[in-house]
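These notes concern the structure reproduced below.
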Amino acid sequence: MRYLTLAPAALLLGLATSVSAEESTQWHYTMGIHDFIVEQESSHTFGFNGNIMIEHTTASDIYLSAMLDMFIDIDTDDLDPDHIPVWFKSDYVASGEFYHIDPRFFFGWQVDLQGKRNTVSSIEKQAKLFPGLTANYQGQESQAQLKAGAGYYYLEIDDDVPRTRGYDRGDFGNGTFAYTFMGSFGFDITPKLKMNFAAQNWNDGDKWLENQYRFSMSYDTDYWEKGSQWLLYVEHTEYNLDHYAKESVHSPNYLPILPWDNDTLVRFSLVVPW
């Protein structure tokens, strides 16, 4: 599996695909269901989702991948009464290897561009562009990766809920130079059943911006087509809202821009070669 060279934010793509020497370009699509959870509001937003994935290895062994997800929510709990129940997620990755210690250990480079648009938890827009260095282990039944990078982090909050808490349009966006650190570990339970765990942090050098924890489990199956997989993916994200504060966060009058600061995406999908 090639997924250890992918950004952990693209774990879904990495777990779903592999690249052979004979085929340097592969397409996949997924169909699935999801639950988008905001635990602090006891909110569950169920829906349907799908994506298109492509990966390509160049003649010089540079690995390129792109993934675009679309989610259609069945929005009934009114976290945001004006939410349009369609949202998007994207991941683009370029990676390569530059030094092998032995066949299992190697160092590499990686550039990630990730984004979200219009989630039900009031994340209106997010963009993360981070080049970085990786240290990788790839054994027969276990894999691990460490990554450190620096780049640009941007998060924009949807305007509906913040307006009820005294925030104006100029308060909704936060863009900054930032750093990221990530660790992931995966193992094969059986030749067909695989698991992966990852944790990643983004910070601006003084304060943390976002923490994310990911779990994925895939099972190889020929249920739909040869080479297809069942995939369970869980992504829990915590946001630091103190960067939006209009007054001291220790003030008794302080209201954060949102009444919640984390969300969890749970999705179950069938991944099919195209």
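Check the straight Cα-Cα distances from Lys207 and name the lysines below 25 Å, setting aside those fewer than 8 residues away within the same chain.
Lys116, Lys125, Lys128, Lys147, Lys246
Mind ranking 258-266, 54-62 by how tightly packed they are, going by the mean number of other C-beta atoms within 10 angstrom, highest first?
Ranked by mean Cβ neighbours within 10 Å, highest first: 258-266, 54-62.
At a Förster radius of 51 Å, what calculated FRET efficiency corresponds to the Cβ-Cβ distance of Ile189 and Asp82, to the nearest 0.05?
Working: r = 44 Å, r/R0 = 0.86.
Efficiency at R0 = 51 Å is approximately 0.70.
By how many nm would the segment from Lys207 to Thr58 lengthen if fully extended, with 0.36 nm per residue of separation less the alpha-carbon distance?
Computed gain between Lys207 and Thr58 is 49.8 nm.
Calculate, for Trp27 and His250, the FRET efficiency according to 1/(1 + (r/R0)^6) with r their C-beta to C-beta distance and R0 45 Å; round to the nearest 0.05.
Given R0 = 45 Å and the Cβ-Cβ separation, E is 0.30.
What's the longest uninterrupted piece of the chain once you rule out the trypsin sites (Lys or Arg not before Pro) that are loop residues per DSSP with at most 15 other Cβ within 10 Å?
It works out to 1-103.
Would you mind pulling out the separation of the Cα centroids of the stretch 209-269 and the stretch 114-131, in Å?
Taking the Cα centre of the stretch 114-131 as reference, the centre of the stretch 209-269 is 11 Å away.
Straight-line reach from Lys192: which lysines have Cα under 22 Å away, leaving out those fewer than 8 places along the same chain?
Straight-distance partners of Lys192: Lys226.
How would Phe177, Phe187, Phe268 rank on accessible area, largest to smallest, probe 1.4 Å?
Working: Phe177 120, Phe187 60, Phe268 90 Å².
From most exposed to least exposed: Phe177, Phe268, Phe187.
Quote to one decimal, in nm, the extra length available between Ile72 and Asp35 on full extension: 0.36 nm per residue of separation minus the C-alpha distance between them.
12.3 nm
The values are calculated or read from the model by the stated rules, or taken from the named source; none is laboratory data. Note that this is a predicted model, so its numbers are computed, not measured. When we count neighbours, we look across all protein chains shown, and the Cβ atoms used for this are built from the backbone with ideal geometry, even at glycine. Remember, those area values only see protein heavy atoms, side chains included, never the ligands or the DNA or RNA. Shrake-Rupley method; radii C 1.70, N 1.55, O 1.52, S 1.80 Å.
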